[in-house]
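Throughout, read-outs are computed from the coordinates displayed, never taken from laboratory work. Everything numeric here is computed off the predicted structure, so don't read it as measured data. Cβ placement follows ideal geometry from the backbone for every residue including glycine, while neighbour counts extend to all protein chains displayed.
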Amino acid sequence: MLKTLGSQLRFVEEIQQIDTTGVEPLRSLRDETPEAQEEAEIGLAGLKDALAQEESLGKHHRKTRRKTTPPVDAKDAEDWDVLGSAQRK
């Protein structure tokens, strides 16, 4: 455990020696490119699709629930040989 800790501390020391002059601080860990922002944006079509999957319940329609989708056919997954590619069994 001490060997691992020592290597981690050396890594941190190496990182601290890097010259970051002129580099903007990291604001977040997500992709903030215009393409990524456009992809993450919720459009009217996507919203309509999501709302179409909901149904209102109750006298005053205050409760909503997602419509259930038909079950997925897992026949192929059930027949899969889990140990088929194992070198040893």
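Straight-line cross-link reach from residue 67 at under 16 Å between alpha-carbon atoms covers these aspartates and glutamates, not counting any fewer than eight positions away in the same chain: 49, 54, 55.
Expressed as an acute angle from 0 to 90° and rounded to the nearest 10, what is the orientation of the C-alpha long axis of helix 2-16 relative to the principal long axis of the chain? The angle comes out near 90 degrees.
Of 33, 69, 20, the residue with the greatest mean-square motion in the GNM of the chain, using alpha carbon springs below 10 Å, is 20.
Straight-line cross-link reach from residue 63 at under 26 Å between alpha-carbon atoms covers these lysines, not counting any fewer than eight positions away in the same chain: 48.
A dipole drawn for the chain from +1 and -1 charges on Cβ atoms has a positive end, and of 6, 58, 37 the residue lying farthest that way is 58.
For the chain, count the residues as N, evaluate 2.2 N^0.38 Å, and divide the Cα radius of gyration by that value, please. Rounded to two decimals, the normalised Rg is 2.13. For region 12-89, GluC sites (Glu not before Pro) meeting the loop criterion (DSSP other than H, G, I, E, B) and having at most 13 other Cβ atoms within 10 Å: 32, 41. For region 21-40 versus region 58-89, the inter-centroid distance based on Cα atoms is 35 Å.
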